[in-house]
Amino acid sequence: MTKVMTVLFALLAPITGWTDDHTPAQQYLGFYYFSAPDPAAVVSAVDKFYASDCGKRYPADVALAEQIFNGSDPSTHFFLNTYEDAAAQQEAAEIFRSCPAAIAFLTELSESGVVFTMEHLSFALVTEGDSTKDFAFAKFDVKVEPQHQQAYAMAFAKMMRSAAKDVALRSYGNNLAGFGNDKFTNSVYVGAETLTQLAQIQQALLVHPAYADFSKKTSGMRENVNTTQVLFIKFYPRQQ
């Protein structure tokens, strides 16, 4: 894990253009995957939690996503919690350890048949566009060894910048799974407003010369784990 975190901080400056004098707080991206036989019950439970006093002070922007196609992975949905920093993540954990409304929320999920399958805490290495305005995503989970992280991230950023000259891209990025990376190390994503628009973007990317160059340069750096089609169905912004 030390190697991964060292790579993370080495990557941030060259890829995002941050300087020593302008280092921003690093957002934490908490992904919580689960299977849900009754998705409506999940929405109802989350709505109830956010109406509580604990929900109103929950320190993260939360999004609920459905995994339309997910291969053999048993999860059907995931929560994405965006914490502004480590302090916000700690506060959220404390709420779920002690707040009656949070405990009732988890109990309600369990009683509706929800089974949590995987979780990981990620950090954005490459991010472009406003992903909060997109609802449909193609997500590519890959394994990249620490010694290849910088080269892979820079190759991805270069490909997307080149393709953007010809393809009407919206949001895209490369997230590093810093903790909980037992299945993959990175999630690369491409966003769109609708599944139809996403298909058009993907088709245009696949035939673009920059994609062929990227695939050739990174073929020895990555192992593809899974490709998922994701649709975000509800958002819960921080209320404070």
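Structure summary
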item: Amide H contacts of Arg170 (H built 1.01 Å from N, under 5 Å, at least 5 apart or other chain); result: Gly191
item: Sequence-distant lysines (8 or more away, or on other chains) whose Cα lies within less than 27 Å of Lys234; result: Lys48, Lys56, Lys133, Lys139, Lys183
item: Nonlocal amide H pairs with Phe179, under 5 Å, H built at 1.01 Å; result: Leu121
item: 222 nm mean residue ellipticity, helices alone, for the chain (DSSP H n ≥ 4; -39,500 (n - 2.57); rounded to 500); result: -12000 deg cm²/dmol
item: Placed amide H near Ala36: partners under 5 Å, 5+ positions off or other chain; result: Thr76, His77
item: Accessible surface, the chain, averaged per residue in Å² (probe 1.4 Å); result: 50
item: More than 33 Å apart - percent of Cα-Cα pairs taken over the chain; result: 18
item: Asp61-Gln147 FRET efficiency (beta carbon distance; Förster radius 35 Å; 0.05 resolution); result: 0.55
item: Rounded tilt (10° steps) of 149-163 against the dominant C-alpha axis of the chain; result: 80
item: Selection of trypsin sites (Lys or Arg not before Pro), the range 67-171, meeting DSSP coil and at most 15 other Cβ within 10 Å; result: Lys165
item: Candidates Gln149, Gln229, Gln203, ranked by Gaussian network fluctuation over the chain, Cα under 10 Å, top entry; result: Gln203
item: Rounded percent of accessible protein surface that carbon and sulfur make up, the chain, 1.4 Å probe; result: 55
item: Estimated FRET transfer efficiency when R0 is 22 angstrom, pair Arg97-Gln26 (beta carbons, to 0.05); result: 0.40
item: Two-site FRET efficiency, Ser110 against Gln203, from Cβ-Cβ distance with R₀ of 30 Å, rounded to 0.05; result: 0.15
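The values are calculated or read from the model by the stated rules, or taken from the named source; none is laboratory data. Note that the coordinates shown come from a computational prediction; the quantities given were computed from them, not determined experimentally. Every residue, glycine as well, gets a Cβ built from its backbone with ideal geometry; the counts of neighbours run over all protein chains shown. Keep in mind that these areas ignore ligands, DNA and RNA; they rest on the heavy atoms of the full protein, side chains included. Shrake-Rupley method; radii C 1.70, N 1.55, O 1.52, S 1.80 Å.
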